[in-house]
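Beneath this line is the structure, given in structure tokens, with notes to follow.
The values are calculated or read from the model by the stated rules, or taken from the named source; none is laboratory data. These figures come from a predicted structure and were not determined experimentally. In this analysis, Cβ positions are derived from the backbone assuming ideal geometry, glycine residues included, and neighbour counts consider all displayed protein chains.
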Amino acid sequence: MKRLNRTNWLEADQHGGPVPVDAEAWRDAFLAIRLDPRVPPEIAAMFEAARGCMIYGGFFAPLVTLGVEHCYRLLEAAVRARCAQLGLPVAIRDRQGKDRPLSFQHNLRQLIGREAISDADATLLRQAGELRDWAALPEHHAVIGQEYAITALTRTAGLLGRLFAPPPH
């Protein structure tokens, strides 16, 4: 990892490799990934934050890891948002009268029960929680490079598009 200073903060981070990163090619690889316009604005904003971290990760590699982790967090938020769209409960009131959010797994089971997602997507969404925990471990940060990040962002965009697609009739 490069140590940032006043002179190198706008220079490409070589991500541990011998060849300097081409900043434009790096940027364009992430900008090529499209998000379905049916994704709600608050979830789309989270997607853009993940993409932005990945793009600016070309200048400071740890941001790539943050962007990947954010993909997994935003998928959890998307599952909650989709439940709310479908009129499914996303919180439960406790004894003190405070609303407590239902768990990601609970919300996912609700979507499966409503047949609002495919079995394959349910599996990918379950894995997102596991991958979030995996990506948070410092020993895995070096593994998260451009290819991994592009894959994570592409899969996230695809899952979001299918999650917010109209239900089949």
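Has the stretch 104-115 got any residue that is among the polar types (S, T, N, Q) and at pLDDT 95 or above? Full working, then the answer.
From the stretch 104-115, those among the polar types (S, T, N, Q) are 105, 107, 110; that's our starting set.
Among the residues that remain, those that are also at pLDDT 95 or above are: 107, 110.
Yes: the stretch 104-115 contains one or more residues that are among the polar types (S, T, N, Q) and at pLDDT 95 or above.
So that you can scan it fast, the table gives a plain yes or no per residue for (1) farther than 17 Å from GLY57 by Cβ; (2) out of contact with any Lys or Arg (no Cβ under 8 Å at 6 or more places or on another chain); (3) modelled with pLDDT of 95 or more:
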{"site": "LEU124", "(1), (2), (3)": "yes, no, no"}
{"site": "HIS140", "(1), (2), (3)": "no, yes, no"}
{"site": "VAL143", "(1), (2), (3)": "no, yes, no"}
{"site": "LEU163", "(1), (2), (3)": "yes, no, yes"}
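Please tell me if LEU66 is out of contact with any strand residue (DSSP E or B) (no Cβ under 7 Å at 6 or more places or on another chain) and either closer than 25 Å to ASP28 by Cβ or assigned to a helix (DSSP H, G or I) (or both).
So LEU66 fits the description; yes.
GLU48 fails exactly one of the following numbered conditions: (1) at pLDDT below 95; (2) closer than 21 Å to THR156 by Cα; (3) not hydroxyl-bearing (Ser, Thr, Tyr). What is the number of that condition?
In the conditions (1) at pLDDT below 95; (2) closer than 21 Å to THR156 by Cα; (3) not hydroxyl-bearing (Ser, Thr, Tyr), GLU48 misses (1) alone.
Which condition does ILE55 not pass, out of (1) touching a residue at least 40 places away in the same chain (Cβ under 8 Å); (2) within 19 Å of THR151 (Cα to Cα), if it passes all the others?
Against the list (1) touching a residue at least 40 places away in the same chain (Cβ under 8 Å); (2) within 19 Å of THR151 (Cα to Cα), ILE55 comes up short only on (1).
Yes or no: ALA44 of a type in the set (Gly, Ala, Ser), in contact with a strand residue (DSSP E or B) (Cβ under 8 Å, 6 or more places away or on another chain) and surrounded by fewer than 20 Cβ atoms within 10 Å (Cβ to Cβ)?
Against the criterion (of a type in the set (Gly, Ala, Ser), in contact with a strand residue (DSSP E or B) (Cβ under 8 Å, 6 or more places away or on another chain) and surrounded by fewer than 20 Cβ atoms within 10 Å (Cβ to Cβ)), ALA44 does not qualify.
I'd like the full set of residues that are surrounded by 19 or more Cβ atoms within 10 Å (Cβ to Cβ) and not in a helix (DSSP H, G or I), limited to the stretch 69-87.
None - no residue of the stretch 69-87 is surrounded by 19 or more Cβ atoms within 10 Å (Cβ to Cβ) and not in a helix (DSSP H, G or I), so the list stays empty.
So LEU159 passes all but one of these: (1) loosely packed, with under 12 Cβ neighbours inside 10 Å; (2) touching a residue at least 60 places away in the same chain (Cβ under 8 Å). Which condition number does it fail?
If we test LEU159 against (1) loosely packed, with under 12 Cβ neighbours inside 10 Å; (2) touching a residue at least 60 places away in the same chain (Cβ under 8 Å), just (1) comes out false.
Can you tell me which residue in the stretch 80-123 is farthest from LEU163 (Cα to Cα), limited to those that are free of Cβ contacts under 8 Å to residues at least 12 places away in the same chain and of a type in the set (A, V, I, L, M)?
The extreme case among them is ILE92.
Considering (1) of a type in the set (D, E, K, R); (2) in a helix (DSSP H, G or I); (3) within 30 Å of GLY145 (Cβ to Cβ), say which one ASP36 fails and leave the rest.
(2)
Can you say whether VAL19 is at pLDDT below 85, of a type in the set (Val, Ile, Thr) and either over 30 Å from PRO166 (Cβ atoms) or not in a helix (DSSP H, G or I) (or both), as far as the supplied structure shows?
Spelling it out, VAL19 is indeed at pLDDT below 85, of a type in the set (Val, Ile, Thr) and either over 30 Å from PRO166 (Cβ atoms) or not in a helix (DSSP H, G or I) (or both).
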